Amino acid sequence: MSENLKKHIRKFIKITDEDYLKILPYFTIIETPKKQNLLTEGKICTNNYFVSKGCLRMFFINEKGIEQTIQFALENWWIADYASFSSQKPSEFYIQAVEKSEIVALDFSAQEELLQQFPAMERYFRLVHQRAHAAAQFRIKNLYTMSREDLYHQFNKLYPEFVQRIPQYLLASYLGFTPEYLSEIRSKRIS
């Protein structure tokens, strides 16, 4: 099982090797090729995904038929449509592998049982969600207060390896502009 997951859990809570071995059966490892959908619109999000290796993205398709990326998950990040996952109602989103990925999946019923049997894991997930929520709030604030060009430069400054790794059309989608506009911003920087 993923050593990354063990390290990630230990970053937030204390867990013995013995307890870690007891929680392992709740998780399933999935290997997924690039561009494989783990969730499609209209289906129920049955899993919470931890990225051990690779990259996933969450997106929706807008009224013009354009994919709008709202979230990425690199190594050691969790991703799910939490509205669908927690309510077990159909999703409005897609979750797709951006790269060949190794994912640790935790399905809804397994997570419920895990949290009952291991209360420390409830704390772990609460702390993970608090950090993710804070990051989402910061992103929303930046979308309202920064120019698109400044948004890209700040993102590039904070996550340079991410900007190099992710296809530019997906990065543009995430930042809320066209790939052509992203090329224009990048060419200004070079000249």
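For the reader, a short list of remarks on this structure follows.
- Qualifying residue in the stretch 173-180 (condition: small (Gly, Ala, Ser) and either open to solvent by 70 Å² or more (accessible area, probe 1.4 Å) or within 21 Å of residue 58 (Cα to Cα) (or both)): yes
- Members of the stretch 37-65 that are over 30 Å from residue 7 (Cβ atoms) and open to solvent by less than 60 Å² (accessible area, probe 1.4 Å): 40, 42, 62, 65
- Of all residues in the stretch 13-38, those that are within 14 Å of residue 104 (Cα to Cα) and in contact (Cβ under 8 Å) with a residue 24 or more places away in the chain have Cβ atoms under 7 Å from Cβ atoms of residues that are surrounded by 12 or more Cβ atoms within 10 Å (Cβ to Cβ) and among the β-branched types (Val, Ile, Thr), 6 or more apart or on another chain, in 27/104; 29/104; 30/103; 32/103; 38/32; 38/95.
- Taking the stretch 129-164 as the range and being exposed (fewer than 15 other Cβ atoms within 10 Å of the Cβ) and assigned to a loop (DSSP other than H, G, I, E, B) as the test, the residues that pass are 146, 147.
- Taking the criterion of being modelled with pLDDT under 95 and of a type in the set (Lys, Arg), the only residue of the stretch 25-84 that qualifies is 64.
- Which listed residue, of 34, 7, is open to solvent by 40 Å² or more (accessible area, probe 1.4 Å) and in a loop (DSSP other than H, G, I, E, B): 34
The values are calculated or read from the model by the stated rules, or taken from the named source; none is laboratory data. What you are looking at is a predicted structure, and each value in this text was computed from that prediction instead of being measured. Neighbour counts are summed over all protein chains in view; Cβ atoms, including those assigned to glycine, are modelled from backbone coordinates with ideal geometry. For the accessible areas, the whole protein counts, side chains as well, though only heavy atoms, and no ligand, DNA or RNA atoms are used. Shrake-Rupley method; radii C 1.70, N 1.55, O 1.52, S 1.80 Å.
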